[in-house]
């Protein structure tokens, strides 16, 4: 079969981007056409990935891999991006800030994420990461009249470039020590090099560069500022797709560590990142008054939980991370989706107090947000519970029970600030009076996300079986 | 249809979701009612399809499992959402959806004009969903899910009219009582489940039962498992000592009493014991316990039923008493007879409750029988159907109750002994007496209400047609279980249908020698003649010579007050359990343990965390250079560690 057959999901996205450019240029009503066209592209790309999920194959001179978990990732990215696009339609109307490139940048960033997931070579990882990051830098500041957005964009760009510097330096060190950039080569010869300090330092630098994107401690400082300053919908994509793509890149780069027994020399680093991220995220989130900042710290904590899966260094950990990422994508898009609906013009109603009495004003929104908060807090029977459950099981199996215990303690702390939202919504009277504009597409997107949160919570095994089948 | 059995479970859930989410916006009562009843009606059709398909299969292929997905997989524990379609679950499923459908339709008339019409139907559908999980689940976990689910729905529906008064308290108190008492039973059931998992390493029915068959009899662990499971059953099915919640459950709307507290939920315990027949058959001591508890419950509840004046209370005690019969049947190893009585009881007791509901409806929520009388001429349809049900429960041939009750009594005699039979037959006499006391006081004689202010009327068709359907079922429902001596070579059709399921249990039980057919007919005749006499006596006393009743009450004042106050069981529990536990909870658990120790620790931790939180957040200065510095610090620390660890 022709190699191009296997990369149909990529081709669909790339073609979609090119066509959108044309649409944006020649149609005056592109604000109406583009979102639906990009949703169509995302769905076509996502479902073609799902369709090809059984054709596991390495193509283009060991550069790209398709099929299996790669396609699973691509499906999640596309579905997440489709939901974010759905959210954006009314959000953009509310702010009157339509720029044609918005949707095109969204699509390009997804293409970058897909490349990162499918990478079989360090160069491809770098390429994917840069495609994604550049799009994110631009997206963060898309509302160019807003001072905070400009600040977020610039900060993100500066710190992001700084982190990418380490990533490239790491790649150089790895290449220098093994004379090759192929990840397959790295996987097969890992044990040959794992006493070489330059090689190990190189891999560590790659980890640092990617840790920036997953928002793990101590590379997390940008997260609250950028999430808060960017458009809410952009934050939704950055916190889900961006994080998932970086995790997929870590998983392929550290494949030998994660699948071959007794090679996990990185366990202490993963462990330290996990512990600090979880505790720091959960503890600092408590003191937040702005809901987007709270979600940012929650994002840091969740990066920590997922890093436990890396520290475990077994296939349970890998499938646990992938399941967690799927769950987290839907939870977070749901949460940011509701924030974007409740949010008024000019950044109003973004404090936690704005949610007081929401259950009376908007019972459906409140109900959906309550489900999402329960899920983020890790309570059954929602997706978030099983995400944590599989990760903690992986840690216990890797004899890292102490890490699982820290995770549980951190979860317990985090329950406080998630449930506080529910308490505010249901048991407190509204202090300020404001009108929440109806958003049908936004609501639809949130409902779809919540349905997935429930589905993954009720039937997690069927999903985890699918993932573990490929994780081997 | 077997492979689509999950539809029978999902349709009620769908009905619950539609009415529960959108119900408050649907202003049209008819739409809500049709959605609610329609979901159950369709579910009944699915069950019916599955039933006929199973009927067409050879006997050894009648047990099918429809697996949907793996629900929990943790270590050795593997729990699937899978539905077991076999002889027992089909019978129970048909009862639940069939009688459930009739009661849903009836409710459309009964609940007409209620301000929470939609909430009522949503709860009712949720109940059927939970009950179907209980019945169809192929493992203990799913059974337990349904078990808890029906408990929750029962709680919600007992307290449905949360703003109304009930006896000395409110309906919410009655609901709470039902919930708490059920929890005690559930605790036993949970312990039983844990023990099953420990012993057999699985919670799947097929695994557990096939391993149980292989194990030798009289292993003491069987005794404990069976005991714990039976404690669970006494809670759900209102047996001694946990029956106290059922009379109070009458605080709910009457159709709820018919559906949940008579026809279906309370028989869950019977179903569970029958399902675990092999475990119980391996624990002879517990079998005896089941029989004795059942018999005592039947007897004592019937005595209390003799003197109650509230129409629903009489029916409530009658239900407890009939459930006692079912456990008696299970205890003597006549599992299919117990299930048979579950079925016929569902017909006639639902009919009795719905008839009572029709009366209460037309009497403006008056439930005291002393304020009824002569309603026959106002409500002819209700009267006739009610009499049919009363005859059925009294065991008059050839109505359904006769066959099922007599089979239990005969099995009690042949496998248990003469004592069982005597008490059981005497209870049957009392049943006939109090039922016709109720009929006579309510429908016959002269009106004892103010005919100028109260104008009783026949209920609308949507209520009377369900009554008629149930009346027909109460009449003919027994014919599928005609005992062998009458039906000849075919044997007892109902028993033969269930026989393959109970065969492993039967082989473990000791078999008794055959008794003569003459003896069986003789005992049958004795109980029928006794029942007829009791009916005639009741009519004589309450129609012609009410003074006898008064005299008897005076002559046995002590006994009468004892019965009227239900043996003071509630007061006893209050004094022995509730009060001391309440005092202990308040003085120690609340004021010291909760307030000081737990709250202290929690609040202390919380304030500590929030102090830490407020301090750490200060490093978030907003200066980008500082952020980069933190990153570099982290990297340097990691590199340092890399170097020293090599």
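The values are calculated or read from the model by the stated rules, or taken from the named source; none is laboratory data. Here the structure is a predicted model, which is why all the values come from computation and not from measurement. With ideal geometry, Cβ positions are generated from the backbone for all residues, glycine too; neighbour counts draw on all protein chains shown.
Below, the figures for the structure above:
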item	result
Residues located in the stretch A:250-270, provided they are modelled with pLDDT of 80 or more and either away from chain B (no Cβ under 14 Å) or under 19 Å from the mean Cα position of the chain (by Cα) (or both)	A:250, A:251, A:252, A:253, A:254, A:255, A:270
Residue match in the stretch B:514-537 (condition: within 25 Å of the chain's Cα centre (by Cα) and touching a residue at least 12 places away in the same chain (Cβ under 8 Å))	no
The lone exception for residue A:197 - which of (1) within 12 Å of another protein chain (Cβ to nearest Cβ); (2) in contact (Cβ under 8 Å) with a residue 12 or more places away in the chain; (3) more than 26 Å from residue A:64 (Cα to Cα) it fails	(2)
Filtered residue count, the stretch B:554-567, keeping only those that are assigned to a helix (DSSP H, G or I) and without any contact (Cβ under 8 Å) to a residue 40 or more places away in the chain	7
Index of the failed condition, residue B:625 passing every other in (1) assigned to a helix (DSSP H, G or I); (2) at the interface with chain A (Cβ under 8 Å from one of its Cβ atoms)	(2)
Residue identified as under 30 Å from residue A:106 (Cβ atoms), more than 14 Å from chain B (Cβ to nearest Cβ) and not in a loop (DSSP other than H, G, I, E, B) among A:273, A:308, A:300, A:338	A:338
Per-region count, the stretch B:69-85, residues crowded, with 21+ Cβ neighbours inside 10 Å and within 9 Å of chain A (Cβ to nearest Cβ)	1
Residue in the stretch A:224-243 that is more than 23 Å from residue A:268 (Cβ to Cβ), facing another protein chain (nearest Cβ under 10 Å) and not in a loop (DSSP other than H, G, I, E, B) present	yes
Top-ranked residue in the stretch A:276-297 [being touching a residue at least 12 places away in the same chain (Cβ under 8 Å) and part of a loop (DSSP other than H, G, I, E, B); ranked as nearest to the other protein chains (Cβ to nearest Cβ)]	A:288
Test for residue A:413: is it within 11 Å of another protein chain (Cβ to nearest Cβ), part of a helix (DSSP H, G or I) and in contact (Cβ under 8 Å) with a residue 60 or more places away in the chain	yes
Unmet criterion (only one of (1) outside any helix (DSSP H, G or I); (2) within 12 Å of chain B (Cβ to nearest Cβ); (3) touching a helix residue (DSSP H, G or I) at 6+ places or on another chain (Cβ under 9 Å)) for residue A:180	(2)
All positions within the stretch A:206-223 that are more than 8 Å from every other protein chain (Cβ to nearest Cβ) and part of a helix (DSSP H, G or I)	A:206, A:207, A:209, A:210, A:211, A:213, A:214, A:223
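This table checks each residue for (1) within 14 Å of chain A (Cβ to nearest Cβ); (2) out of contact with any helix residue (DSSP H, G or I) (no Cβ under 6 Å at 6 or more places or on another chain); (3) surrounded by 11 or more Cβ atoms within 10 Å (Cβ to Cβ); (4) at pLDDT 85 or above.
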site	(1), (2), (3), (4)
B:595	no, yes, yes, no
B:603	yes, yes, no, no
B:606	yes, yes, yes, no
B:629	yes, yes, yes, yes
